Amino acid sequence: MAAAGSGEPGEMALPKDCQEPVCLIVLGMAGSGKTTFVQRLTAYLHKKNSPPYVINLDPAVHEIPFPVNIDIRDTVNYKEVMKQYGLGPNGGIVTSLNLFATRFDQVMKFIEKRQKNCQYVLIDTPGQIEVFTWSASGTIITEALASSFPSVVIYVMDTSRSTNPVTFMSNMLYACSILYKTKLPFIVVMNKTDIIDHNFAVEWMQDFETFQDALNQETTYVVGVSAVAGTGLDDFFVQVSQAAEEYQRDYRPEYERLRRTLAEAQSKQQKEQLDRLRKDMGPVTLESGSTGFDDLELGPSDLILTRGNVDVEEEEIDSDTDDIDHQTTEESQEEPAFRNFLQETKVQYHSRNSKK
Ligand SMILES: Nc1nc2c(ncn2[C@@H]2O[C@H](COP(=O)(O)OP(=O)(O)OP(=O)(O)O)[C@@H](O)[C@H]2O)c(=O)[nH]1
(Lines give C-alpha, C1' and ligand atoms only; values in the text may rest on other atoms or scores of the structure.)
Protein backbone atom coordinates (compact mmCIF):
# COMPACT_ATOMS: atom_id res chain seq x y z
CA MET A 1 0.00 0.00 0.00
CA ALA A 2 1.39 3.42 -0.89
CA ALA A 3 0.32 6.75 0.52
CA ALA A 4 0.29 9.99 -1.44
CA GLY A 5 -0.85 13.48 -0.54
CA SER A 6 -2.59 15.47 -3.26
CA GLY A 7 -1.44 18.78 -4.64
CA GLU A 8 2.16 17.98 -5.62
CA PRO A 9 2.14 16.89 -9.23
CA GLY A 10 5.25 14.90 -10.06
CA GLU A 11 6.51 13.85 -13.46
CA MET A 12 4.19 11.52 -15.28
CA ALA A 13 6.12 8.35 -15.96
CA LEU A 14 4.86 4.94 -16.94
CA PRO A 15 7.11 1.88 -17.14
CA LYS A 16 8.84 1.92 -20.54
CA ASP A 17 7.44 -1.44 -21.62
CA CYS A 18 3.91 -0.51 -20.64
CA GLN A 19 1.94 -0.59 -23.88
CA GLU A 20 -1.43 -0.97 -22.25
CA PRO A 21 -3.40 1.71 -20.48
CA VAL A 22 -3.31 1.65 -16.70
CA CYS A 23 -6.77 1.52 -15.14
CA LEU A 24 -7.14 3.67 -12.05
CA ILE A 25 -10.19 2.60 -10.06
CA VAL A 26 -10.99 5.55 -7.83
CA LEU A 27 -12.72 4.59 -4.59
CA GLY A 28 -13.37 6.43 -1.36
CA MET A 29 -15.95 7.39 1.22
CA ALA A 30 -18.77 9.72 0.17
CA GLY A 31 -17.50 13.27 -0.03
CA SER A 32 -13.82 12.31 0.15
CA GLY A 33 -13.29 14.06 -3.18
CA LYS A 34 -13.26 11.21 -5.74
CA THR A 35 -14.98 13.17 -8.49
CA THR A 36 -12.89 16.28 -7.84
CA PHE A 37 -9.77 14.13 -7.91
CA VAL A 38 -10.75 12.49 -11.20
CA GLN A 39 -11.45 15.95 -12.58
CA ARG A 40 -8.01 17.10 -11.43
CA LEU A 41 -6.35 14.02 -12.94
CA THR A 42 -8.17 14.55 -16.22
CA ALA A 43 -7.03 18.17 -16.42
CA TYR A 44 -3.48 17.18 -15.48
CA LEU A 45 -3.29 14.45 -18.12
CA HIS A 46 -4.75 16.69 -20.81
CA LYS A 47 -2.09 19.24 -19.96
CA LYS A 48 0.53 16.53 -20.40
CA ASN A 49 -0.92 15.71 -23.84
CA SER A 50 -2.06 12.33 -22.59
CA PRO A 51 -5.84 12.53 -22.44
CA PRO A 52 -7.27 9.71 -20.35
CA TYR A 53 -10.21 7.48 -21.12
CA VAL A 54 -12.76 8.35 -18.45
CA ILE A 55 -15.58 6.16 -17.18
CA ASN A 56 -18.26 7.25 -14.75
CA LEU A 57 -19.85 4.43 -12.76
CA ASP A 58 -22.00 6.60 -10.48
CA PRO A 59 -25.58 6.42 -11.80
CA ALA A 60 -26.85 8.95 -9.26
CA VAL A 61 -24.37 11.74 -9.86
CA HIS A 62 -26.06 15.01 -10.90
CA GLU A 63 -23.25 16.61 -12.76
CA ILE A 64 -19.86 15.48 -13.97
CA PRO A 65 -17.49 18.42 -14.21
CA PHE A 66 -15.26 16.84 -16.88
CA PRO A 67 -15.69 15.07 -20.21
CA VAL A 68 -16.41 11.35 -19.85
CA ASN A 69 -16.08 8.71 -22.55
CA ILE A 70 -18.45 6.24 -20.96
CA ASP A 71 -21.18 7.27 -18.57
CA ILE A 72 -23.34 4.68 -16.79
CA ARG A 73 -26.18 7.23 -16.92
CA ASP A 74 -26.33 6.83 -20.71
CA THR A 75 -27.08 3.13 -20.27
CA VAL A 76 -29.19 2.95 -17.11
CA ASN A 77 -31.77 5.43 -15.90
CA TYR A 78 -31.31 5.25 -12.16
CA LYS A 79 -34.60 7.01 -11.31
CA GLU A 80 -36.51 4.66 -13.62
CA VAL A 81 -34.79 1.65 -12.04
CA MET A 82 -35.91 2.87 -8.61
CA LYS A 83 -39.47 3.30 -9.85
CA GLN A 84 -39.74 0.01 -11.73
CA TYR A 85 -38.18 -2.15 -9.04
CA GLY A 86 -39.72 -0.19 -6.15
CA LEU A 87 -36.29 0.57 -4.68
CA GLY A 88 -34.82 3.30 -2.53
CA PRO A 89 -31.76 5.35 -3.60
CA ASN A 90 -29.15 2.80 -2.47
CA GLY A 91 -31.02 -0.15 -3.97
CA GLY A 92 -31.41 1.88 -7.16
CA ILE A 93 -27.66 2.47 -7.38
CA VAL A 94 -26.81 -1.20 -6.71
CA THR A 95 -29.33 -2.42 -9.30
CA SER A 96 -28.20 0.13 -11.87
CA LEU A 97 -24.61 -0.98 -11.38
CA ASN A 98 -25.67 -4.64 -11.65
CA LEU A 99 -27.47 -3.91 -14.92
CA PHE A 100 -24.45 -2.02 -16.22
CA ALA A 101 -22.09 -4.85 -15.19
CA THR A 102 -24.00 -7.20 -17.50
CA ARG A 103 -22.80 -5.00 -20.39
CA PHE A 104 -19.26 -4.49 -19.16
CA ASP A 105 -17.83 -6.68 -21.91
CA GLN A 106 -18.80 -3.90 -24.32
CA VAL A 107 -16.99 -1.36 -22.15
CA MET A 108 -13.92 -3.59 -22.28
CA LYS A 109 -14.10 -3.58 -26.09
CA PHE A 110 -14.19 0.22 -26.11
CA ILE A 111 -11.15 0.40 -23.86
CA GLU A 112 -9.32 -2.15 -26.02
CA LYS A 113 -10.03 -0.07 -29.11
CA ARG A 114 -8.58 3.01 -27.44
CA GLN A 115 -5.59 1.35 -25.81
CA LYS A 116 -3.13 2.62 -28.41
CA ASN A 117 -4.10 6.24 -27.75
CA CYS A 118 -4.66 6.27 -24.01
CA GLN A 119 -2.16 5.74 -21.27
CA TYR A 120 -4.71 5.89 -18.51
CA VAL A 121 -8.27 4.82 -17.91
CA LEU A 122 -9.88 6.66 -15.00
CA ILE A 123 -12.88 5.08 -13.32
CA ASP A 124 -14.99 7.17 -10.96
CA THR A 125 -17.18 5.04 -8.67
CA PRO A 126 -20.45 5.66 -6.79
CA GLY A 127 -20.48 7.85 -3.70
CA GLN A 128 -21.54 4.98 -1.46
CA ILE A 129 -18.28 3.07 -1.39
CA GLU A 130 -19.84 -0.24 -0.30
CA VAL A 131 -22.02 -0.27 -3.42
CA PHE A 132 -18.92 -0.86 -5.50
CA THR A 133 -16.57 -2.63 -3.14
CA TRP A 134 -18.96 -5.19 -1.67
CA SER A 135 -21.30 -5.83 -4.57
CA ALA A 136 -21.15 -8.55 -7.19
CA SER A 137 -21.06 -5.94 -9.95
CA GLY A 138 -18.10 -4.13 -8.37
CA THR A 139 -16.20 -7.42 -8.28
CA ILE A 140 -17.15 -8.26 -11.88
CA ILE A 141 -16.00 -4.84 -13.11
CA THR A 142 -12.76 -4.86 -11.11
CA GLU A 143 -11.89 -8.38 -12.20
CA ALA A 144 -12.72 -7.68 -15.84
CA LEU A 145 -10.39 -4.67 -15.83
CA ALA A 146 -7.64 -6.35 -13.82
CA SER A 147 -7.62 -9.45 -16.02
CA SER A 148 -6.94 -7.39 -19.16
CA PHE A 149 -5.08 -4.25 -18.08
CA PRO A 150 -2.71 -3.15 -15.36
CA SER A 151 -5.12 -1.93 -12.68
CA VAL A 152 -4.56 0.06 -9.52
CA VAL A 153 -7.00 0.96 -6.76
CA ILE A 154 -6.85 4.62 -5.77
CA TYR A 155 -8.32 5.07 -2.31
CA VAL A 156 -9.21 8.72 -1.82
CA MET A 157 -9.34 9.77 1.79
CA ASP A 158 -10.53 13.05 3.31
CA THR A 159 -7.48 14.01 5.39
CA SER A 160 -9.30 16.87 7.10
CA ARG A 161 -11.85 14.39 8.46
CA SER A 162 -9.23 11.90 9.62
CA THR A 163 -7.37 13.94 12.20
CA ASN A 164 -9.01 12.00 14.99
CA PRO A 165 -6.97 8.81 15.50
CA VAL A 166 -10.11 6.70 15.88
CA THR A 167 -11.61 8.01 12.62
CA PHE A 168 -8.24 7.64 10.96
CA MET A 169 -7.95 4.03 12.11
CA SER A 170 -11.47 3.13 10.92
CA ASN A 171 -10.72 4.76 7.55
CA MET A 172 -7.49 2.78 7.27
CA LEU A 173 -9.21 -0.46 8.28
CA TYR A 174 -11.75 0.14 5.55
CA ALA A 175 -8.91 0.74 3.10
CA CYS A 176 -7.28 -2.52 4.22
CA SER A 177 -10.51 -4.46 3.73
CA ILE A 178 -10.64 -3.16 0.12
CA LEU A 179 -6.97 -3.93 -0.38
CA TYR A 180 -7.53 -7.56 0.64
CA LYS A 181 -10.76 -7.81 -1.30
CA THR A 182 -9.46 -6.44 -4.60
CA LYS A 183 -5.95 -7.88 -4.33
CA LEU A 184 -4.62 -5.07 -6.50
CA PRO A 185 -1.89 -2.48 -6.06
CA PHE A 186 -3.30 0.17 -3.78
CA ILE A 187 -2.55 3.89 -3.44
CA VAL A 188 -4.00 5.91 -0.58
CA VAL A 189 -4.56 9.46 -1.77
CA MET A 190 -4.76 11.74 1.23
CA ASN A 191 -6.89 14.44 -0.28
CA LYS A 192 -7.71 17.97 0.90
CA THR A 193 -4.16 18.73 1.96
CA ASP A 194 -4.94 22.38 1.32
CA ILE A 195 -6.99 22.20 4.54
CA ILE A 196 -4.55 20.17 6.60
CA ASP A 197 -1.14 18.71 5.87
CA HIS A 198 -1.22 14.92 5.62
CA ASN A 199 2.15 14.41 7.35
CA PHE A 200 0.51 13.65 10.70
CA ALA A 201 -1.25 10.67 9.04
CA VAL A 202 1.91 9.45 7.32
CA GLU A 203 3.68 9.62 10.66
CA TRP A 204 0.89 7.64 12.32
CA MET A 205 1.19 5.00 9.60
CA GLN A 206 4.96 4.73 9.89
CA ASP A 207 5.46 5.11 13.60
CA PHE A 208 3.13 3.09 15.74
CA GLU A 209 4.18 4.83 18.96
CA THR A 210 3.20 8.24 17.62
CA PHE A 211 -0.17 6.82 16.74
CA GLN A 212 -0.45 5.18 20.15
CA ASP A 213 0.29 8.53 21.83
CA ALA A 214 -2.44 10.20 19.78
CA LEU A 215 -4.80 7.37 20.61
CA ASN A 216 -4.04 7.68 24.31
CA GLN A 217 -5.06 11.32 24.26
CA GLU A 218 -8.45 10.34 22.89
CA THR A 219 -11.30 10.19 25.34
CA THR A 220 -12.95 6.83 25.01
CA TYR A 221 -15.27 5.79 27.72
CA VAL A 222 -15.09 2.14 28.65
CA VAL A 223 -16.82 0.65 31.63
CA GLY A 224 -17.47 -2.91 32.83
CA VAL A 225 -20.94 -3.65 34.20
CA SER A 226 -23.14 -6.60 35.00
CA ALA A 227 -26.72 -5.83 34.15
CA VAL A 228 -27.81 -8.89 36.16
CA ALA A 229 -25.72 -8.34 39.28
CA GLY A 230 -25.93 -4.55 39.06
CA THR A 231 -22.18 -4.01 39.42
CA GLY A 232 -20.24 -1.24 37.77
CA LEU A 233 -23.09 1.26 37.74
CA ASP A 234 -21.28 3.82 39.91
CA ASP A 235 -18.39 3.80 37.44
CA PHE A 236 -20.86 3.97 34.59
CA PHE A 237 -22.41 7.15 35.96
CA VAL A 238 -19.01 8.72 36.62
CA GLN A 239 -18.29 8.23 32.95
CA VAL A 240 -21.72 9.51 31.93
CA SER A 241 -21.02 12.65 33.90
CA GLN A 242 -17.64 13.13 32.21
CA ALA A 243 -19.22 12.49 28.79
CA ALA A 244 -21.96 15.02 29.55
CA GLU A 245 -19.31 17.58 30.49
CA GLU A 246 -17.51 16.86 27.25
CA TYR A 247 -20.79 17.29 25.39
CA GLN A 248 -21.35 20.71 27.00
CA ARG A 249 -17.82 21.79 26.26
CA ASP A 250 -17.17 20.42 22.76
CA TYR A 251 -20.40 19.31 21.16
CA ARG A 252 -23.05 21.77 22.37
CA PRO A 253 -21.61 24.87 20.64
CA GLU A 254 -21.57 22.96 17.37
CA TYR A 255 -25.17 21.69 17.79
CA GLU A 256 -26.35 25.19 18.66
CA ARG A 257 -24.66 26.55 15.60
CA LEU A 258 -26.40 23.88 13.51
CA ARG A 259 -29.77 24.64 15.10
CA ARG A 260 -29.38 28.36 14.40
CA THR A 261 -28.47 27.65 10.78
CA LEU A 262 -31.49 25.36 10.45
CA ALA A 263 -33.86 27.88 12.04
CA GLU A 264 -32.59 30.63 9.76
CA ALA A 265 -33.04 28.40 6.71
CA GLN A 266 -36.55 27.45 7.84
CA SER A 267 -37.68 30.99 8.46
CA LYS A 268 -36.28 32.02 5.08
CA GLN A 269 -38.15 29.15 3.43
CA GLN A 270 -41.37 30.05 5.28
CA LYS A 271 -41.07 33.65 4.18
CA GLU A 272 -40.56 32.57 0.58
CA GLN A 273 -43.59 30.25 0.76
CA LEU A 274 -45.73 33.03 2.22
CA ASP A 275 -44.62 35.44 -0.48
CA ARG A 276 -45.49 32.87 -3.14
CA LEU A 277 -48.86 32.25 -1.54
CA ARG A 278 -49.60 35.97 -1.41
CA LYS A 279 -48.75 36.25 -5.05
CA ASP A 280 -50.94 33.25 -5.96
CA MET A 281 -53.89 34.36 -3.86
CA GLY A 282 -53.85 38.00 -4.94
CA PRO A 283 -56.80 38.00 -7.42
CA VAL A 284 -58.82 35.52 -5.34
CA THR A 285 -58.66 37.79 -2.34
CA LEU A 286 -59.92 40.78 -4.31
CA GLU A 287 -62.89 38.81 -5.65
CA SER A 288 -63.93 37.45 -2.29
CA GLY A 289 -63.88 40.95 -0.87
CA SER A 290 -61.31 40.15 1.75
CA THR A 291 -59.69 42.96 3.68
CA GLY A 292 -56.43 42.20 1.86
CA PHE A 293 -53.15 40.81 2.98
CA ASP A 294 -52.24 43.46 5.47
CA ASP A 295 -54.35 41.75 8.11
CA LEU A 296 -53.10 38.34 7.05
CA GLU A 297 -50.32 37.70 9.53
CA LEU A 298 -50.59 33.92 9.32
CA GLY A 299 -48.20 31.18 8.26
CA PRO A 300 -49.09 28.88 5.35
CA SER A 301 -50.61 26.18 7.56
CA ASP A 302 -52.78 28.80 9.29
CA LEU A 303 -54.04 29.92 5.93
CA ILE A 304 -55.17 26.42 5.09
CA LEU A 305 -57.18 26.35 8.32
CA THR A 306 -58.67 29.76 7.58
CA ARG A 307 -59.78 28.53 4.19
CA GLY A 308 -61.57 25.59 5.87
CA ASN A 309 -63.46 27.84 8.32
CA VAL A 310 -66.22 28.88 5.94
CA ASP A 311 -69.16 31.05 7.09
CA VAL A 312 -72.00 29.16 8.71
CA GLU A 313 -74.40 30.38 6.06
CA GLU A 314 -72.08 29.25 3.32
CA GLU A 315 -71.72 25.90 5.06
CA GLU A 316 -75.50 25.45 5.21
CA ILE A 317 -75.91 26.23 1.55
CA ASP A 318 -73.19 23.75 0.77
CA SER A 319 -74.75 21.01 2.85
CA ASP A 320 -78.21 21.66 1.37
CA THR A 321 -76.79 21.40 -2.07
CA ASP A 322 -75.13 18.20 -1.05
CA ASP A 323 -78.43 16.78 0.21
CA ILE A 324 -80.30 17.74 -2.94
CA ASP A 325 -77.69 16.16 -5.05
CA HIS A 326 -77.80 12.96 -3.04
CA GLN A 327 -81.61 12.86 -3.09
CA THR A 328 -81.78 13.42 -6.81
CA THR A 329 -79.27 10.68 -7.34
CA GLU A 330 -81.12 8.27 -5.09
CA GLU A 331 -84.54 9.08 -6.64
CA SER A 332 -83.20 8.68 -10.11
CA GLN A 333 -81.91 5.26 -9.07
CA GLU A 334 -85.12 4.35 -7.26
CA GLU A 335 -87.57 5.45 -9.99
CA PRO A 336 -87.25 2.41 -12.29
CA ALA A 337 -87.51 0.06 -9.33
CA PHE A 338 -90.67 1.79 -8.20
CA ARG A 339 -92.08 1.64 -11.74
CA ASN A 340 -91.39 -2.11 -11.80
CA PHE A 341 -93.10 -2.55 -8.47
CA LEU A 342 -96.25 -0.74 -9.75
CA GLN A 343 -96.19 -2.79 -12.91
CA GLU A 344 -95.99 -6.05 -11.00
CA THR A 345 -98.77 -5.05 -8.60
CA LYS A 346 -100.95 -4.13 -11.59
CA VAL A 347 -100.31 -7.51 -13.23
CA GLN A 348 -101.08 -9.36 -10.00
CA TYR A 349 -104.29 -7.32 -9.52
CA HIS A 350 -105.47 -8.08 -13.07
CA SER A 351 -104.67 -11.75 -12.82
CA ARG A 352 -106.55 -11.95 -9.49
CA ASN A 353 -109.53 -10.11 -10.99
CA SER A 354 -109.58 -12.25 -14.10
CA LYS A 355 -109.71 -15.44 -11.95
CA LYS A 356 -112.77 -14.19 -10.07
N1 LIG B 1 -10.70 21.92 0.28
C2 LIG B 1 -10.83 20.90 -0.54
N3 LIG B 1 -12.05 20.47 -0.87
C4 LIG B 1 -12.13 19.43 -1.70
C5 LIG B 1 -11.01 18.79 -2.26
N6 LIG B 1 -11.44 17.78 -3.05
C7 LIG B 1 -12.77 17.80 -3.01
N8 LIG B 1 -13.19 18.79 -2.20
C9 LIG B 1 -14.58 19.15 -1.89
O10 LIG B 1 -15.20 18.05 -1.23
C11 LIG B 1 -16.56 17.94 -1.61
C12 LIG B 1 -16.84 16.56 -2.14
O13 LIG B 1 -16.11 16.39 -3.33
P14 LIG B 1 -16.53 15.33 -4.44
O15 LIG B 1 -15.48 15.35 -5.46
O16 LIG B 1 -17.93 15.55 -4.88
O17 LIG B 1 -16.45 14.03 -3.57
P18 LIG B 1 -16.92 12.56 -3.97
O19 LIG B 1 -16.11 11.63 -3.16
O20 LIG B 1 -16.91 12.37 -5.44
O21 LIG B 1 -18.40 12.65 -3.46
P22 LIG B 1 -19.54 11.53 -3.66
O23 LIG B 1 -19.76 11.38 -5.13
O24 LIG B 1 -20.72 12.08 -2.92
O25 LIG B 1 -19.00 10.34 -3.01
C26 LIG B 1 -16.80 19.04 -2.64
O27 LIG B 1 -17.35 20.13 -1.98
C28 LIG B 1 -15.39 19.37 -3.14
O29 LIG B 1 -15.28 20.71 -3.57
C30 LIG B 1 -9.70 19.28 -1.90
O31 LIG B 1 -8.66 18.79 -2.31
N32 LIG B 1 -9.70 20.34 -1.03
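The values are calculated or read from the model by the stated rules, or taken from the named source; none is laboratory data. For clarity, every value in this text was computed on a predicted model and none was experimentally measured. Because the Cβ atoms are built from the backbone with ideal geometry, glycine has one as well, and the counts that use them run over all protein chains shown. Heavy atoms of the whole protein, side chains included, go into the accessibility calculation; ligands, DNA and RNA do not. Shrake-Rupley method; radii C 1.70, N 1.55, O 1.52, S 1.80 Å.
Worth pointing out:
- Taking residues in segment 149-173 that are free of Cβ contacts under 8 Å to residues at least 60 places away in the same chain, and partners anywhere that are within 14 Å of the ligand (Cβ to nearest atom), the pairs with Cβ atoms closer than 7 Å and at least 6 places apart or on different chains are Ser160/Lys192; Ser160/Ile195; Ser160/Ile196; Ser162/Asn171; Thr163/Ile196; Thr167/Arg161; Phe168/Ser162.
- Residue count for segment 196-220 under the criterion of being assigned to a loop (DSSP other than H, G, I, E, B) and surrounded by 12 or more Cβ atoms within 10 Å (Cβ to Cβ): the result is 3.
- Filter result (modelled with pLDDT of 90 or more and either at positive phi or among the hydroxyl-bearing types (Ser, Thr, Tyr) (or both)) within segment 171-197: Tyr174, Ser177, Lys192, Thr193
- Verdict on Leu45 being assigned by the TED database to the domain that holds Ser160 and in contact with a Leu (Cβ under 9 Å, 6 or more places away or on another chain): yes
- Test for Val54: is it within 11 Å of the ligand (Cβ to nearest atom), surrounded by 17 or more Cβ atoms within 10 Å (Cβ to Cβ), outside any loop (DSSP other than H, G, I, E, B) and at pLDDT 90 or above: no
- Residue list for segment 16-74, restricted to those being aromatic (Phe, Trp, Tyr) and closer than 20 Å to Lys113 by Cβ: Tyr53
- Check on Phe104, touching a Gly at 6+ places or on another chain (Cβ under 6 Å) and open to solvent by less than 20 Å² (accessible area, probe 1.4 Å): no
- Leading residue by the ranking (modelled with the lowest pLDDT) among those in segment 133-146 that are open to solvent by less than 30 Å² (accessible area, probe 1.4 Å) and not small (Gly, Ala, Ser): Thr133
- Among the helices (runs of 4 or more DSSP H) confined to segment 74-188, the ones with at least 1 residues that are over 25 Å from Tyr53 (Cβ atoms) are located at 78-85, 89-101, 129-133, 165-182.
- In segment 20-49, the qualifying residues are those that are assigned to a loop (DSSP other than H, G, I, E, B) and among the polar types (S, T, N, Q), and the one that is most open to solvent (accessible area, probe 1.4 Å) is Asn49.
- Checklist (1) over 20 Å from Ile140 (Cβ atoms); (2) in contact with a Leu (Cβ under 7 Å, 6 or more places away or on another chain); (3) of a type outside the set (Ser, Thr, Tyr) applied to Ile72, failing item: (1)
- Considering Glu130, Glu112, the condition of being open to solvent by 30 Å² or more (accessible area, probe 1.4 Å) and away from the ligand (no atom under 16 Å from the Cβ) is satisfied by Glu112 alone.
- Among residues of segment 57-73, those that are assigned to a loop (DSSP other than H, G, I, E, B) and of a type in the set (Asp, Glu), counted: 2
- Contact map, segment 30-41: residues that are at negative phi and in the same structural domain as Val156 (by the TED database) paired with residues that are in a loop (DSSP other than H, G, I, E, B) and more than 6 Å from the ligand (Cβ to nearest atom), Cβ distance under 6 Å, separation 6+ or inter-chain. Pairs shown: Gln39/Pro65; Gln39/Phe66.
- In segment 118-126, the condition of being open to solvent by 10 Å² or more (accessible area, probe 1.4 Å) and either within 16 Å of the ligand (Cβ to nearest atom) or within 19 Å of Thr35 (Cβ to Cβ) (or both) is met by at least one residue.
- Residue in segment 13-23 that is within 12 Å of the ligand (Cβ to nearest atom) and either modelled with pLDDT of 85 or more or on the phi < 0 side of the Ramachandran plot (or both) present: no
- Listed conditions (1) open to solvent by less than 30 Å² (accessible area, probe 1.4 Å); (2) in contact with a Leu (Cβ under 9 Å, 6 or more places away or on another chain); (3) under 14 Å from Leu122 (Cα atoms) are all met by Pro59, apart from (3).
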